[in-house]
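Read through the structure below, which is laid out as structure tokens, and then see the notes.
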Amino acid sequence: MNANPVLSIWTQPKETIRKLIDQNKLGFSILLVCISGIGGVITALRDSGWFLDLSPVLLVFGIVLAGIFSGLLNLGISSLLYTGIGRLYGGHGKLRDMAIAIGPMLIPQVVVVPVLVIYAVVFGEQFFSVPEAFSITSIPLGAYLFLTLLTAAASIWTIVISSKAIGVVHGFSSWRGFGVLMTLAGIAILITFIIVIGIIMFIF
């Protein structure tokens, strides 16, 4: 009996990724990145005050549509970057195999999505409203802290699983996989720094 990858990824990430690649489960990866994308959009809208004038139906439709788009965009860009940077580390991974691995990397984020949906339903407009002055959130502090800790734990697990998954695709160690992640993070920080400096110089 085959183990459910949503469960086995936590304890056997390398074996799970290999099995999904062998079974060519690209559709499963696409489903996961789309769900994760929806969670990302909900997180971005939390405490933002954006689109509060929309009806609940339009807001839900917009979140789902934007989540699917951002998820697919993430799948494409991440596959290219992880494959390219991994080859600089001596890997030999294929773009399609990396695309299959991207979805399972995000399973910890996918687990958080139902919690985000519950929060959005329970707190309603309050969940999306801008916090009052000197407040860090518009929802009860206990609920905010729980969601923050859950999100942080999911992020840590995502890094662990991603390091192992990148290693599997490229045929090298999980530490090199972690190196790929840190290299990409470093590039993102550098680009952000250059943009900020450019904006400051333009303004002043």
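The values are calculated or read from the model by the stated rules, or taken from the named source; none is laboratory data. Worth saying up front: this structure is predicted, and the values here are computed from it rather than measured. Using ideal geometry, Cβ is built from the backbone for each residue, glycine included, and neighbour counts are taken over all protein chains shown. For accessibility, only protein heavy atoms count, side chains too; no ligands or nucleic acids. Shrake-Rupley method; radii C 1.70, N 1.55, O 1.52, S 1.80 Å.
Here is how the numbers come out for the structure above:
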{"read-out": "Highest average packing first - 182-192, 158-168, 141-151, 80-90, Cβ atoms within 10 Å", "value": "158-168, 80-90, 141-151, 182-192"}
{"read-out": "Extension gain, VAL115 back to VAL57 (0.36 nm per residue minus Cα-Cα distance, nm)", "value": "18.9 nm"}
{"read-out": "Degrees between helix 95-105 axis and first principal axis of the chain (Cα, 0 to 90, nearest 10)", "value": "50"}
{"read-out": "For the range 103-162: span of alpha carbons on each principal axis (Å, largest first)", "value": "38, 23, 16"}
{"read-out": "Probe 1.4 Å, accessible area per residue of the chain, Å²", "value": "58"}
{"read-out": "At 0.890 mPa s and 25 °C, Stokes D of the range 120-204 from Kirkwood alpha-carbon radius, µm² per second", "value": "149"}
{"read-out": "Nearby aspartates and glutamates by direct alpha-carbon distance to LYS19 (threshold 12 angstrom, same-chain neighbours under 8 apart not counted)", "value": "ASP97"}
{"read-out": "For the range 1-121, the spread of Cα positions along each principal axis, largest first, Å", "value": "50, 36, 21"}
{"read-out": "Mean separation of Cα contacts under 8 Å (6+ apart) over length of the chain, as relative contact order %", "value": "27"}
{"read-out": "Theoretical ellipticity at 222 nm over the chain - DSSP helices of four or more residues, -39500 (n - 2.57) apiece, nearest 500", "value": "-27000 deg cm²/dmol"}
{"read-out": "The chain - Debye-derived log10 I(q)/I(0), Cα point model, q = 0.09, 0.16, 0.18 Å⁻¹", "value": "-0.41, -1.09, -1.23"}
{"read-out": "The range 54-145: C-alpha pair distances exceeding 20 Å, %", "value": "55"}
